[in-house]
Amino acid sequence: MNLNIADTFNKVLSPDRNLENTRRKVFGAMFSFVTPKVPTSPKLIHASPEMIKNLGIKNNEVDSDAFLNIFSGAEVYKNTHPYAMAYAGHQFGNWAGQLGDGRAINLFEVQHNQKRWAVQLKGAGETPYSRQGDGLAVLRSSVREYLCSEAMHHLGVPTTRALSLISSGDNVLRDMLYNGNAAYEKGAIVCRVAPSFIRFGNFELFASRNDTESLKKLTDYTIKHFYPELGTPSKDVYIHFFKAVTDKTLKMIIHWQRVGFVHGVMNTDNMSILGLTIDYGPYGWLEGFDFGWTPNTTDREHKRYRYGNQPNIALWNLLQLANALYPLVEEAKPFETILNYYQKDFETQFLDMMRSKLGLDIKAEGDKQLIKDLEDCLLLSETDMTIFYRLLSNHEKGSVDEGIKTVQAAFYNPEEIRDDKKKKWEVWFNTYDKRLNSESLTDSERQLKMNAINPKYVLRNYMAQLAIDKANEGDYSLIDELFKMLKKPYNNQPENQKWFAKRPEWARHKAGCSMLSCSS
Ligand code: AMP
Ligand code: MG
């Protein structure tokens, strides 16, 4: 296997001079060199054909010992120097100090087809940043990250990617529900890939220590490599950089709201400086539409990271990034202006996105109200978000009476749609139907457009859990089945009709299906 290694991060930025793998605070450095743990008996579970191609790996190399060894951490690729990144962060609204890659180890950067990819192992052993953790990951959370990050890419959501999922052959002790019932689980390693894994927290670390020299070095590096269009770093360029990060972050959030993705742990150390969805932990997908839903049991009380709060939290996180970048600019006003624009831009972009979900091309006066009324209707009785929007595309102009029937299969308790609730839906369909009259598209043209925005298949929480249960028994067939289906989430796939269905009742309160903890 020949990779075109093109390291920059660990070549141009400052390393930690201490080469021991002991847990510690690291100062004045962007990363620490570290060697991945050699797994006991690594086995390849799955690899992403697209990412294999993107990295310039040949198909017949995927089953080689070299592939298995390098992407499980058993072997370090020639002339490369793996490392863990130093970063800090705000967790659940509180300053948490130094965090860093506690169980992620960056292997190298690869350049292929004019693209740069940073390649990283998650779950490959401890680093100086592991704090109380073991640096490992269990099969359960690795399957979830592997499947979801690739699925998000195919949904058109900016995200980190995944190259491979490998079982380590080691057992990992986890208290899955944090209830004192720790048990051994199978260990695994995901190889994940992105142009860069730099987070808001990388900048916060240096700002919090008044280490402006390191802050500047890191910011200049980020601009040079990932925002080169901004030009040579200067005070103005730092402001433009913050604006660009804000815009990318907002775009990502709009996508999350569109597909019903709830990240679950939007701490600033989990916010990518490239506006990518990063760190798939206790994430989840809306089944019943609900602004207040979060899959993360650790956040059960305040629901800080609930679906409806994601846009506000992104703004809060951007404010922390602004604070971190401030020493480079020493003027607050430009940052404030950008943050104020976020609010306005969010409203405009959210409205446009919702119009597209409804198949509306023209911008009409009453659209905001139409969308608000729809949200109210969706909350009347448990209504599956994905199924609702997909079925709505079947609506035929003029057939208002059929409206409720068209989307009937999205209701978890269809018998609840009567009296007042029925009336409200009828009024909404009436307004929607009238609104469609101002559009020029035919029903089938509108359907085509709506179906390219509203996915038919998402990785519902129970689907991932079914794949995990099988994988724990050594059967990886469902991982492959879901992986393939989720590559074409907008297509009608008759052979996969069974996955276009509401969450089964057994999954409503089952761990892993509706509730997830940070334990991974
Ligand atoms: P997360 O909640 O997964 O974003 O993790 C927050 C911080 O805890 C990061 O610094 C992680 O690297 C670290 N961390 C999470 N799980 C582990 C683990 N099992 N071992 C070491 N560090 C961990
Ligand atoms: Mg994280």
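Conditions (1) part of a helix (DSSP H, G or I); (2) more than 20 Å from the chain's Cα centre (by Cα); (3) away from ligand 1 (no atom under 16 Å from the Cβ), marked per residue:
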| site | (1), (2), (3) |
| --- | --- |
| D420 | yes, yes, yes |
| K424 | yes, yes, yes |
| K449 | yes, yes, yes |
| K456 | no, no, yes |
| I468 | yes, no, yes |
| N491 | no, yes, yes |
| Q497 | yes, yes, yes |
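With respect to E50, is the statement that it is among the acidic types (D, E), under 21 Å from F9 (Cα atoms) and not in a strand (DSSP E or B) true?
No: the conditions fail for E50.
Which members of segment 504-520 meet the condition of being over 26 Å from D134 (Cα atoms) and not in a loop (DSSP other than H, G, I, E, B)?
Within segment 504-520, E505, W506, A507 qualify.
Among (1) farther than 25 Å from V138 by Cα; (2) touching a residue at least 24 places away in the same chain (Cβ under 8 Å); (3) in contact with an Asp or Glu (Cβ under 9 Å, 6 or more places away or on another chain); (4) buried (at least 16 other Cβ atoms within 10 Å of the Cβ), there is one condition P233 misses while meeting the rest; what is its number?
Here P233 clears every test but (2).
Please find, among F346, F350, the residue that is under 23 Å from K456 (Cα atoms), surrounded by 14 or more Cβ atoms within 10 Å (Cβ to Cβ) and either assigned by TED's automatic domain parsing to the domain that holds W293 or free of Cβ contacts under 8 Å to residues at least 12 places away in the same chain (or both).
None of the others qualify; the one that does is F350.
I need the full set of residues from segment 62-102 which are in a loop (DSSP other than H, G, I, E, B), more than 16 Å from ligand 1 (Cβ to nearest atom) and within 18 Å of A118 (Cα to Cα), in order please.
Answer for segment 62-102, where residues must be in a loop (DSSP other than H, G, I, E, B), more than 16 Å from ligand 1 (Cβ to nearest atom) and within 18 Å of A118 (Cα to Cα): E75, V76, Y77, K78, N79, T80, H81.
Does L351 meet the test of being at pLDDT 95 or above, in a helix (DSSP H, G or I) and under 25 Å from R446 (Cα atoms)?
yes
For segment 266-292, enumerate the residues that are within 12 Å of ligand 1 (Cβ to nearest atom), among the β-branched types (V, I, T) and in contact with a Ser or Thr (Cβ under 8 Å, 6 or more places away or on another chain).
Across segment 266-292, the qualifying residue is only I278.
Got a sec? Which of G264, G284, G260, G288 is within 16 Å of ligand 2 (Cβ to nearest atom), modelled with pLDDT of 95 or more and either surrounded by fewer than 19 Cβ atoms within 10 Å (Cβ to Cβ) or farther than 30 Å from E213 by Cβ (or both)?
G264
Just wondering, is there one or more residues in segment 378-388 that are within 22 Å of P311 (Cβ to Cβ), among the polar types (S, T, N, Q) and in the same structural domain as S440 (by TED's automatic domain parsing)?
yes
Which one is farthest from ligand 1 (Cβ to nearest atom) among residues in segment 106-128 that are more than 30 Å from P228 (Cα to Cα) and part of a loop (DSSP other than H, G, I, E, B)?
This residue is P128.
Would you tally the residues in segment 140-168 being in a strand (DSSP E or B), closer than 26 Å to K248 by Cα and of a type in the set (S, T, N, Q)?
Within segment 140-168, residues that are in a strand (DSSP E or B), closer than 26 Å to K248 by Cα and of a type in the set (S, T, N, Q) number 1.
The values are calculated or read from the model by the stated rules, or taken from the named source; none is laboratory data. Computed from a predicted structure; not experimentally measured. Using ideal geometry, Cβ is built from the backbone for each residue, glycine included, and neighbour counts are taken over all protein chains shown.
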